[in-house]
Amino acid sequence: MSTKIALKFSRSNRIYRPSEPVEGKIVIESSSSISHYGISLSVNGSVNLQQVRGGSAGVIESFYGAVKPITIVNKSIEVKPSGKIGSGTTEVPFTMVLKQNGEKSSERFYETFHGTDVSIQYLFTVDIARGYLYKSLSATMEVIVESDKADLLERPVSPEMAIFYITQDTQRHPLLPEIKSGGFRVTGRISTLCSLLDPISGELTVETSAVPVSSIDIHLLRVESILMGEKIVTETSLIQTTQIADGDVCRNLTLPIYVILPRLLTCPSVFAGPFSIEFKVSIVISFQSELPKLHKKSDPRTPRLWLAVETLPLELVRTR
Amino acid sequence: MELKDQRHRSRKSVARMEFRRRDYRAEEQGRVLRRSRTDHHPLLPPSPSFHNQVVVEKNGNNDFFDPLRGLNAEDSTSAEEKAANTTTDNNSQVSSKEWTSFKRFLMQKFPVSKMISIASMPDVIIKSSTSFRESSESSHLEEVDDPRRISQEDVKVITGQEYVSRLHELKDEINRAWHAEDRVTALKLTIKVAKLLMDTSVLQFYPTLFVLATDVLDMLGDMVWKRIQQKAEFSEDGTFLCSLPENFKATDICSDAKETCNNWFCKVGSIRELLPRIYLELAIFPCWRFLIDQPLDSLQRLVMMARGVVDPIASAYCRLYMAHCARKLPLSDIAGHLVTCVNDTKILLMRHLSAKEDGHFADKKRLLVGLMEPTIEYIMKCIFENTSQSQRQVDSVLLELGLGRNREDLCGSSPCISFVLHHLLKELPTEVIRSNFVGILHLIECSQDHYFDQCLNYRLLGFRLSESRSKPDIVCSVVDKVIQAVAQYDRLDQYLTVVDAYMDIVLQNQMDNHLKTILEGISKRACHKEIHEDELESLKSILMKLLSHFTDLHDVLALDHFLEILDVMYGNPRSNINMHILSMATRTGYLHDLSTIQLLFEISQSLHDAIDFGSMKDDEYQQPLRLISRFVEMVDYGTEMDRHLTFLVECRGAFGIINELKETLVHSSNCLAIKALKDGRKHLNFVKSCIAFSEVTIPSVLEHVVQFNLYIETAEVALLGGLVSHSDGLVVSAISCLECFDLTDGSRTSIDAGGMLSSIQKLCSLLVMFPGNPDQGITRFPNSILSLIYSKSWMTPRMKIRLFCGIILLLATLSQDKFPYYPYCAEIMGNDMLFFGDASYAHEIAALSECVLQNLISFIEQEPPKAARGTMALEACNCIASSFVVCQDILEVCWKLIETARLCLRADDRYLQSTIKYLNEQLPPPVAV
């Protein structure tokens, strides 16, 4: 005998705003009828400030377990009182509002975010209690929360662009001697304030370069900080790399920068008390060299002899 | 004893049967149809009034179809409508068809070589199909990425066929995954396929790779499009919402569909590598329409993004795909963006080509240019696809390409790459070409890189010039300059390539001095040198143009160097030219000029020598043979008939192998004889020589039927010349030729029974005029024919019966006091004069006819009863009734035949009824029957 239970939400993308009712149904598939002590639905929204990662040593790991998750919302409703469910497929509709009007919430409804050190999740769990003899049935499903429209900035956000120029002299790390002596100059501009719905845009021009360029990439980075007692621990990690030039591009030819922001991996920049989530973009110019072949598994963020890097802060905002 | 008996019987029958007396003149006058004038040609298209008549008639009688009538008005209009419908067909369908044929062209131009060496072996290609069924749970596409390229030394080799079949497998797999709702896998695999396009070390194989990979991409693009369309047209639970119109707007799309669409662009946007990212976005590029109405900005961004792809081949093909995908959208102005594509390619290419490298790299560059050329060709086509109407647009395109519309701009701007110029020149609207010849010429002169033949641009200019219908003075100055420029070419092939394109212009504008220069130039470069195949083709094309321009062959032959050039040619092109010359010579009329005849004779000989009867198919050498025969036929020496006959003798010697020609030779010599006869009696010896020539020639003709016909023809000619004994001999030969003829010795298994029959019938009618020779029996020839009928198995029953009838008719005619016709030459007396009132003559004829009649009736009875038997019985009946006076015996015979016919035919058969009517007119039927 098998009984399947699942949560199905009214929106296929499962994106809801805090003040919107989350609608859906509990789908129970059973080959025989089941008696139960009630079907309940609970939601738990929280900020988790620790993640266990295998392998490379992170700074935060040493504090594992030290920081308690911050609860944003945690409530439960009874969808159905105790009774019996017939065999076959049964659908039980439900409605639940995350943030009741006038209800006082201890925390802000941060947007869903899946990071390395900070993770913001809203989980819906359905439970069917069936007494001592039977294992209770349950299913959990994540919904994605985006900020309420009322709290949002009016669109369009005035696009803020930063003008950058990268030369052998702007680099704070050592470069290969031929790059250093031959010189190069790459200029352009790139968004520093960007709506989550828009791509990071900008343009880039290689004006001069004595050593041939092999690739130009845009790295999207997240900067997660957690308040650990008195200390703030910050870690920067790579979200996405986007190549904009493959090979030794023609000089003085403008290349567009166009990076679509990945959903879930990005959220509006947050500066909360116990934690903060920020973003950065770096423009990485790789020059042709034999060296990269020897360092196959290198972290792309590590400054290398054959790379020129320019990193700029990026503020992400939710717009209407 | 037997003979006596036969004679006795025939005597008896003579008493009963009597030939009907005929007055041929009176009959002719009585029967001849009245002639009336007509104003309307029966084969002309019907006039409107006539047409109405036809329609009325059609309504009345549906089964009547006049094959000569023009198309019915209704039919033709409906055909036009259909044509109109097909032309209004979706523009996208046309472009997709074009794309398909372009892909085929690419594959053919760069065939897959046996082995392909690849710098880095992509794992999709190596892995067996099952091993990359990765778990689809990880939805972040970064995991797909493994951009580490294997070092250059690590070159691997795979067979082209393997690579191709692996790609086909991948396509199937993607398709399967998609339909199994595993769209993530489908996308992942497609990205892997797109990544293959990053490796351009495969060079020659790249176009094939491109075609296969874009096939996959197009398939994915279509599937994504359909999925989003479905989301827009159906609600989540599958109920139909609305059907999207062809020109829908982004506002018509529900948010769910938009969300899905947006997701796809996000997924594609997260691909790390530039080239696959561009390809994937292009694959789903049409889906932008679900989000925004005018996705021109996206196109522009993609065009700019492609600048980041530095490899010339990869970027050129990427832009090619861009042009293809941009055409899928109903955008009005993609030309500007495509022009940017061309310019970017140009910049990239200039950088590449100007890099100084030695020998080995020069070859590589040529290969590179060859590989990139088709992409520029296609993009140019797309650019000018819609701009041809608007002058302003063309101007802006030119301006953006760095080719302004005045001279300063044309030369002042960046030098053009010659193959880019080539394809620009190909697509430019005619008006632009027309007003810019000087500038274009200048551009061609300037752009001389070593990777593309300059002569091809001159050639193209020639073609464009001839279609532009420009003013003569412009045409003149362009041609002047081009001829000057190509004078510096040493190589024959280049020279020919260019002048070939200008031939038509030079000829149409009567630029005789240029024609002279060209021919001289060709002969200078062609003589004392081995001519290659492609040069031969160009030469052929040039000479063909010359020949088709002039109507009179003499004008061509009078040109300097023409014959020299003809002489350097060989093989098939030479034969083609020879054939053209022959057909041209024989088209206009008889050939009188002695030197022309001599030249054509030589040409015919060369054509004849080129024919390889052993290896060529029948229809391949039929045409030249026909032309040679035609030439011989058209030769006319006028009054120099002796010379003409000598010519025929020469031809027989030279073209002895040609069977068909001998027929022509006999006809010609017979014609000569007739011509001599008309001229008077003085040429009798010449006539005899002609007849002797014919007589000697005929036996070498292969087919007996033809031989027979020729004998009869010659016999007739001899008879006209009063040469009775010649004529007699020829008829004997004709009949003996039939006697020799047997199905077993002829190569043909079936004979042309109808043709044979009419030939023998013709002989019968000729025999009417033959003076009988009492020594050899008056009925000698009819008897020989009869013995043929009895002995030859190839004679069909129908043939035999008809021949019997023919002999009866011949005998009936011979029995008349006055014959219906006589030989042209009055000196020969007909039998009517020779044997007038001779009883034994009459007896002999009557006896023979009696015998034939009996045979005829018994033959009809032997026929199995079917419709054919009935018809034959009626034919025989008519023949008998019209030949003999209707007496009791004859009537019996006739009614018997009618009975036979009645058994075999339907009672309402019209032939049967009219025969009965005819008989009844002769006499009332006997009561006994």
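Here are a few things to note about the model shown:
- If the condition is being away from chain B (no Cβ under 14 Å), within 29 Å of A:Pro69 (Cβ to Cβ) and surrounded by fewer than 17 Cβ atoms within 10 Å (Cβ to Cβ), then region A:1-19 contributes A:Ala6, A:Ser19.
Each row is one residue, and each column tells you yes or no for (1) buried (at least 21 other Cβ atoms within 10 Å of the Cβ); (2) modelled with pLDDT under 90; (3) farther than 30 Å from B:Met372 by Cα; (4) within 50 Å of the chain's Cα centre (by Cα).
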| position | (1), (2), (3), (4) |
| --- | --- |
| B:Val164 | no, yes, no, yes |
| B:Phe205 | yes, yes, no, yes |
| B:Phe234 | no, yes, yes, no |
| B:Leu274 | yes, no, no, no |
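- Some residue of region A:214-225 being within 24 Å of B:Asn262 (Cβ to Cβ) and either out of contact with any Ser or Thr (no Cβ under 7 Å at 6 or more places or on another chain) or not in a strand (DSSP E or B) (or both): yes
- Residue, surrounded by the most Cβ atoms within 10 Å (Cβ to Cβ), within region B:239-264, restricted to residues that are of a type in the set (Gly, Ala, Ser) and more than 14 Å from every other protein chain (Cβ to nearest Cβ): B:Ala250
- Residues being in contact with a Leu (Cβ under 8 Å, 6 or more places away or on another chain), within 24 Å of B:Asn920 (Cβ to Cβ) and of a type in the set (Val, Ile, Thr) - total across region B:849-896: 6
- For region B:506-535, filtered to residues that are closer than 20 Å to B:Gly462 by Cα and among the aliphatic types (A, V, I, L, M), the residue that is farthest from the chain's Cα centre (by Cα) is B:Met511.
Condition check ((1) closer than 20 Å to B:Ile581 by Cβ; (2) loosely packed, with under 15 Cβ neighbours inside 10 Å) across all residues:
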residue	(1), (2)
B:Asp512	no, yes
B:Thr517	no, no
B:Gly521	no, no
B:Leu536	yes, no
B:Lys540	yes, no
B:Lys545	yes, no
B:Phe550	yes, no
B:Leu557	yes, no
B:Phe562	yes, no
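- Just one residue in the set B:Phe686, B:Phe647 is surrounded by 14 or more Cβ atoms within 10 Å (Cβ to Cβ), over 20 Å from B:Leu719 (Cα atoms) and not aliphatic (A, V, I, L, M); that residue is B:Phe647.
- Residue within region A:217-231 that is out of contact with any Cys (no Cβ under 6 Å at 6 or more places or on another chain), small (Gly, Ala, Ser) and under 21 Å from A:Lys280 (Cβ atoms) present: yes
- Residue selection: B:Ile191 fails the criterion of being within 12 Å of chain A (Cβ to nearest Cβ), touching a helix residue (DSSP H, G or I) at 6+ places or on another chain (Cβ under 8 Å) and touching a residue at least 60 places away in the same chain (Cβ under 8 Å).
To keep it simple, each residue is scored yes or no on (1) within 44 Å of the chain's Cα centre (by Cα); (2) in a helix (DSSP H, G or I).
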site: B:Glu169; (1), (2): yes, yes
site: B:Asp172; (1), (2): yes, yes
site: B:Glu181; (1), (2): no, no
site: B:Val184; (1), (2): no, yes
site: B:Lys188; (1), (2): no, yes
site: B:Thr200; (1), (2): yes, no
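- Taking the criterion of being closer than 17 Å to A:Asn252 by Cβ and either surrounded by fewer than 18 Cβ atoms within 10 Å (Cβ to Cβ) or at the interface with another protein chain (Cβ under 10 Å from one of its Cβ atoms) (or both), the residues of region A:207-231 that qualify are A:Glu207, A:Thr208, A:Ala210, A:Pro212, A:Val213, A:Ile216.
- Candidate set: region B:298-318, residues that are closer than 17 Å to B:Gly221 by Cβ and touching a residue at least 40 places away in the same chain (Cβ under 8 Å); chosen: the one nearest to the other protein chains (Cβ to nearest Cβ): B:Cys318
- Flag if B:Arg327 is within 29 Å of B:Leu203 (Cα to Cα) and away from chain A (no Cβ under 13 Å): yes
Results for (1) among the aliphatic types (A, V, I, L, M); (2) surrounded by 18 or more Cβ atoms within 10 Å (Cβ to Cβ); (3) within 10 Å of chain B (Cβ to nearest Cβ); (4) in contact with a helix residue (DSSP H, G or I) (Cβ under 7 Å, 6 or more places away or on another chain), shown as yes or no for each residue.
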residue: A:Ile277; (1), (2), (3), (4): yes, yes, no, no
residue: A:Ser282; (1), (2), (3), (4): no, yes, no, no
residue: A:Ile285; (1), (2), (3), (4): yes, yes, no, no
residue: A:Pro292; (1), (2), (3), (4): no, yes, yes, no
residue: A:Pro303; (1), (2), (3), (4): no, no, no, no
residue: A:Glu310; (1), (2), (3), (4): no, yes, no, no
residue: A:Thr319; (1), (2), (3), (4): no, no, no, no
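- Verdict on B:Glu281 being within 12 Å of chain A (Cβ to nearest Cβ) and in contact (Cβ under 8 Å) with a residue 60 or more places away in the chain: no
- Within region A:115-138, tally of residues that are surrounded by 18 or more Cβ atoms within 10 Å (Cβ to Cβ) and not hydroxyl-bearing (Ser, Thr, Tyr): 10
- Of the residues making up region B:232-274, just one is among the charged types (D, E, K, R), assigned to a helix (DSSP H, G or I) and within 25 Å of B:Ser96 (Cα to Cα), namely B:Glu233.
- Against the list (1) among the basic types (Lys, Arg); (2) closer than 27 Å to B:Leu600 by Cβ; (3) modelled with pLDDT of 85 or more, the condition B:Arg587 fails is (3).
- Single residue of A:Ile190, A:Ile200 found to be within 18 Å of the chain's Cα centre (by Cα), farther than 30 Å from A:Val22 by Cα and either within 11 Å of chain B (Cβ to nearest Cβ) or crowded, with 19+ Cβ neighbours inside 10 Å (or both): A:Ile200
- Scanning region B:201-224 finds one or more residues that are closer than 21 Å to A:Gly247 by Cα, in contact (Cβ under 8 Å) with a residue 12 or more places away in the chain and within 14 Å of another protein chain (Cβ to nearest Cβ).
- Note on region A:264-275: among residues that are touching a residue at least 24 places away in the same chain (Cβ under 8 Å) and not aliphatic (A, V, I, L, M), the one that is farthest from the other protein chains (Cβ to nearest Cβ) is A:Gly273.
The values are calculated or read from the model by the stated rules, or taken from the named source; none is laboratory data. Bear in mind the structure is a predicted one, so any value in this text is a computation, not a measurement. Here the Cβ is made from the backbone with ideal geometry for all residues, glycine too, and neighbour counts use every protein chain on show.
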